[in-house]
Amino acid sequence: MHQLPRQISLLCSATLLDGTVRDVEINGSRVGRVVAAGQGRRSGSGTEIDLSGFMLLPAPAEPHAHLDKALSADAIRPPLGNLRDAIDAWRRHASTMTVDDIRDRALEAAFTLLANGTTSVRCHVDVLLGDKPLRGVEALAAVRRELAGLMDLELVALAGPDVPDRDIEAAIDLGVDLVGGSPHLASDPFTDLRRLITLAERRGVGVDLHTDESLDGALTIVEFARLVRAWPPDRMRTAGHCVRLGTLEPEDLHSVIDEILESDLGIVTLPITNLYLQGWDHPVSTPRGLTAVRALLDRGARLGAGADNVRDPFNPVGRSDAFETAGLLVAAAHLTPAEAYDAVSSGARSVMGLPVAGPVEDASAELLAIRGASIDDVVATASPDRYVIHAGMLVAHSEVSRRIAIPGTPVNSMTPIESRYSA
């Protein structure tokens, strides 16, 4: 593939979610006609790609990243531990960080997301303590400028209960899109919840709050839903983690989901981090620590899924790959592969307020082509062979060549053969 980005005009012989093989025309940043294979027409000077053997899907969206924290584990060397331990380790390290350090790690993590297919990211960035609280915001604003045209990056000011309002408002003045926080960690969770929502109302922006990220304790999501119920329909209201919902008895959960639905509150589940952070105090019958994924989906709530933390004090592993998140939803939340991929793509886009994308006529041309024959296949194998399309432009292309020795061949005369992943 030539230098990127490149405008795409035609995708040939792609397998869609329903198993049909189609040609997909691209008109600028939108999908044009979707027609029988061999019937597509290339328009203008854009590139044509043969996607025989590839599935063509809506591109993943990441609804809950922490790019300011990403890839910091090697520097911090945090102890294994629960959420409080992770917060303590991060705060000790945060005082030593510079804008350039944060920017470099965030940019590396963002490029990994892009290479794996994610074209839209919502990033929570800490409003730090001390005399330079906006270092993270400044770094991520710089990353957003650098990625313009390659990835859409939305920023959320993540403010702990000890962060003053003036610093949150200063972050908004620097271009942060949403107010965030973790009210459940405050000594008075409901007071901090009301503070953050009132501030967002005053500034005319939405909220994306870490919500009830524990197996017990206060349940703030009902009050959250009621406080934003009268907001304009297009003002963002998102609750992330929501671990506590997974511990409720069915009758109690039903009434809570009623409140969520009435306020059209978007829910984001974050399996890899919550599987890691939750349950340290339960060495026997350890709870999974996820929100009530199945119940929320079955009731029609808007549900997205994200990777959250990647190789930092809150999660020592992670590949920045939506297929990792989807696979965990299959294993830990008992979703089908199709449901799991929807949660990291169309579901995530809905929670983020983004337009419909995918190989559908007149949809946004946010697309991922990945080698495989079916959605079950690609979620299971997560092939590294991928084409990533943002706004109709090819912005990333990965291919892997694999060679495997022929069984029974003498060592000194082995002739390697290429696997099906060769390109």
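Quick note: the coordinates plus some simple rules give every number you see, no bench work behind them. Not measured: the values here are computed from a predicted model. For neighbour counting, all protein chains shown are included, and Cβ atoms are generated from backbone atoms with ideal geometry for every residue, glycine included.
Side notes on the structure shown:
- For region 257-379, fraction of C-alpha pairs farther apart than 23 Å, in %: 36 percent
- Cβ-Cβ FRET estimate between Arg91 and Leu261, R0 fixed at 30 Å, reported to 0.05: 0.25
- Sum of -39500 (n - 2.57) over DSSP H runs of 4+, divided by residues of the chain (222 nm, nearest 500): -9500 deg cm²/dmol
- Listed values for region 362-369 are Karplus-derived 3J(HN,Hα) couplings in whole Hz (6.51 cos²θ - 1.76 cosθ + 1.60, θ = phi - 60°), namely 6, 7, 5, 7, 10, 9, 10, 9, and x replaces Gly and Pro.
- Selection from Val360, Pro133, Ser285 lying farthest towards where the dipole of the chain points positive, charges on Cβ: Val360
- The three principal axes of the C-alpha atoms in region 306-353 carry coordinate ranges of 29, 27, 14 Å, sorted with the longest axis first.
- 0 to 90° range, to nearest 10: angle between helix 135-146 axis and the chain longest Cα axis: 30 degrees
- Only Cα pairs under 8 Å and 6+ residues apart enter the sum, and on that basis the relative contact order of the chain stands at 21 percent.
- Per-bin percent of Cα-Cα distances, region 114-164 [5 Å]: 5, 20, 26, 20, 13, 9, 6, 1
- Take every Cα pair under 8 Å whose residues are at least 6 apart in sequence, average their separation, divide by the length of region 99-201, and the relative contact order is 25 percent.
- Cβ-based net charge around Thr325, under 11 Å, with every Lys or Arg adding one and every Asp or Glu removing one: -3
- Added length on full extension, which subtracts the Cα-Cα distance from 0.36 nm per residue, Glu251 to Arg145: 33.4 nm
- Per-q log10 I(q)/I(0), the chain, q = 0.08, 0.12 Å⁻¹ (Debye; single scatterer per alpha-carbon; no solvent): -0.45, -0.98
- Unit Cα scatterers, Debye sum, region 137-197: log10 I(q)/I(0) for q = 0.24 Å⁻¹: -0.92
- Region 110-150 and region 312-341 have Cα centres spaced 22 Å apart.
- Net charge of Cβ neighbours under 12 Å - reference Glu62; Lys, Arg +1; Asp, Glu -1: -3
- Candidates Leu328, Ala186, Gly392 compared by Cα position along the dipole of the chain: farthest toward the positive end lies Gly392, with charges placed on Cβ.
- Net charge contributed by nearby residues that have their C-beta within less than 11 Å of Val310 (K/R +1, D/E -1): -2
- Peptides 190-200, 341-351, 103-113, 10-20 ordered by packing proxy, namely the average of other Cβ atoms within 10 Å per residue, highest first: 341-351, 103-113, 190-200, 10-20.
- Here the peptides 289-300, 268-279 are ranked by packing, the mean other Cβ count within 10 Å, and the order with the highest first is 268-279, 289-300.
- Computed log₁₀ I(q)/I(0) - Debye formula, equal Cα scatterers, no solvent, region 88-204, q 0.14, 0.18, 0.19, 0.21 Å⁻¹: -0.60, -0.94, -1.03, -1.18
- Size-normalised alpha-carbon gyration radius of region 157-287, reference 2.2 N^0.38 Å: 1.07
- Across region 229-374, C-alpha contacts under 8 Å between residues 6 or more apart give a mean separation that, scaled by the residue count, equals a relative contact order of 21 percent.
- Euclidean distance between Cα centres, region 240-265 to region 46-62, Å: 36 Å
- Close amide H contacts of Arg122 (hydrogens built in the peptide plane, cut-off under 5 Å, sequence separation of 5 or more or a different chain): Glu62, His64, Ala65, Glu154.
- For the chain, the dipole from Cβ point charges (+1 on Lys and Arg, -1 on Asp and Glu) about the Cα centre works out to 880 debye, to the nearest 20.
- Helix 322-333 and the longest principal axis of the Cα set of the chain meet at an angle near 60°.
- Kirkwood Rh and Cα Rg combined as Rg over Rh, evaluated for region 275-333: 0.99
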